[in-house]
Amino acid sequence: MRASTFTCRLILGMLILGSCTLAQDLSPYTVKLFGGYQQQNTEKLASDARGFLVGMQVNRDLVSRLDWNVRLGYDYSTLDEDTVLLEWEWDYWEQYIDWMLMGATQLEIDSMSIYKEYWRTDSSYHGVFNPQQTLGEVMISSGLEFDLPVMKKVSLYGGVNLGANIYKRRIKMVEDWTKNFTFNFDSTKLANDLMDEYAQERFDIFMDLHEDNPETYPLTYDYNSDSSNVIYRFRYAYDIQITHFSPAKTGSRFFASPFLGCRVTLNKTVDLDLGYYGIFYLKNVEKLEDLFRFASQSERWFPYESKSTFVLSLTFNY
């Protein structure tokens with residue numbers, strides 16, 4: 001991961017240096033600040049992946065209507081994936097299930113990873129597991145941008161960038177647990193003062209709780225079959241939420257990004273841009289990835305093949 005970070009920083013520095021060298025010293029440049037929405041194009045691992053992006057782009061004139069740009073951004077997505085716990089190979093999760101079930105087969109582990117719910121056989125414990133998956137990407141790219149005026153203050157632009165990302169994919173596991181407490185007592189034993197000391201103490205505690213808060217500590221009863229006495233029952237449910245995090249999946253991917261947009265001039269200094277940027281992650285470039293020392297499992301753990309981004313920008317002209 002450190003090698004990937006260093007490599008991408010080196011690429012960014014070289015691109016900026018190259019753009020400054022190729023451009024004339026006094027050539028105009030623009031700075032674009034952008035934000036927008038993103039979503040995956042087709043399913044790969046996640047059934048749905050969407051989020052936001054923010055960043056900055058610097059353009060330098062090469063020739064009339066043709067710029068070289070350097071783009072740096074951060075993309076963040078939430079992912080919906082029913083089978084993420086099967087895919088993730090999370091040792092802690094499998095050991096956790098094994099501990100809960102007091103010895104679990106792989107079939108039982110896989111079943112709980114899919115249904116994400118646990119009931120103790122006596123129903124005293126109930127757990128619901130909600131894995132929340134996110135993906136963060138630092139995006140670095142550079143390319144050519146062509147500008148075509150169509151009206152006095154309106155122009156179209158388009159082009160293509162090539163770049164690489166540094167990504168981190170995470171799971172936050174939120175567990176909602178309920179512990180059910182039940183205390184039964186016989187009305188006949190209570191009336192005849194035949195309850196043992198421990199049962200009498202529990203009865204007094206629950207009765208005080210019931211009188212103070214009957215909705216939280218309800219009292220119910222059932223008649224025996226001979227109707228000679230009544231079985232009373234106190235019920236209480238204790239709820240708690242636990243959150244823990246899995247080790248992140250990290251890596252880097254190369255990508256190509258064709259784009260198309262519309263620019264409106266607001267004044268001499270500021271333009272308003274609306275653009276579409278497609279992101280297509282490159283496959284079968286192992287030699288290039290090895291050259292830049294990308295993590296060997298980068299493609300395996302990356303959750304989608306392409307995405308669409310819709311960007312609103314303010315462009316400052318200098």
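A compact table of results
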{"read-out": "Complete set of residues in segment 119-137 that are in contact with a Phe, Trp or Tyr (Cβ under 9 Å, 6 or more places away or on another chain) and modelled with pLDDT under 90", "value": "TRP119, SER124, TYR125, HIS126"}
{"read-out": "Test: residue in segment 83-95 that is more than 19 Å from ILE171 (Cβ to Cβ), of a type in the set (A, V, I, L, M, F, W, C) and at pLDDT 90 or above", "value": "no"}
{"read-out": "Sole exception among (1) open to solvent by 60 Å² or more (accessible area, probe 1.4 Å); (2) under 30 Å from ASN41 (Cβ atoms) for ASP98, by number", "value": "(2)"}
{"read-out": "Any hit, segment 68-75, residues being more than 30 Å from the chain's Cα centre (by Cα), at pLDDT 90 or above, within 16 Å of SER142 (Cα to Cα) and surrounded by 19 or more Cβ atoms within 10 Å (Cβ to Cβ)", "value": "yes"}
{"read-out": "Tally, over segment 108-148, of residues that are more than 30 Å from ALA49 (Cβ to Cβ) and without any contact (Cβ under 8 Å) to a residue 40 or more places away in the chain", "value": "4"}
{"read-out": "Only one of PHE185, PHE203 that is out of contact with any Ser or Thr (no Cβ under 8 Å at 6 or more places or on another chain), assigned to a strand (DSSP E or B) and among the aromatic types (Phe, Trp, Tyr)", "value": "PHE185"}
{"read-out": "Output for segment 48-67, where each listed residue is more than 27 Å from PRO149 (Cβ to Cβ), open to solvent by less than 70 Å² (accessible area, probe 1.4 Å) and of a type in the set (D, E, K, R)", "value": "ASP48"}
{"read-out": "Tally, over segment 266-310, of residues that are open to solvent by 50 Å² or more (accessible area, probe 1.4 Å) and either under 15 Å from ILE140 (Cα atoms) or not in a loop (DSSP other than H, G, I, E, B) (or both)", "value": "14"}
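Rundown of residues vs (1) in contact with a strand residue (DSSP E or B) (Cβ under 8 Å, 6 or more places away or on another chain); (2) at pLDDT 75 or above; (3) open to solvent by less than 70 Å² (accessible area, probe 1.4 Å), yes/no style:
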{"residue": "ILE166", "(1), (2), (3)": "yes, yes, yes"}
{"residue": "ASN180", "(1), (2), (3)": "yes, yes, yes"}
{"residue": "MET195", "(1), (2), (3)": "yes, no, yes"}
{"residue": "ASP212", "(1), (2), (3)": "no, yes, no"}
{"residue": "TYR221", "(1), (2), (3)": "yes, no, no"}
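The values are calculated or read from the model by the stated rules, or taken from the named source; none is laboratory data. What you see is a predicted model, and the numbers here were worked out from it, not measured in a lab. Because the Cβ atoms are built from the backbone with ideal geometry, glycine has one as well, and the counts that use them run over all protein chains shown. Please note that ligands, DNA and RNA were not included when accessible areas were found on the heavy atoms of the full protein model with its side chains. Shrake-Rupley method; radii C 1.70, N 1.55, O 1.52, S 1.80 Å.
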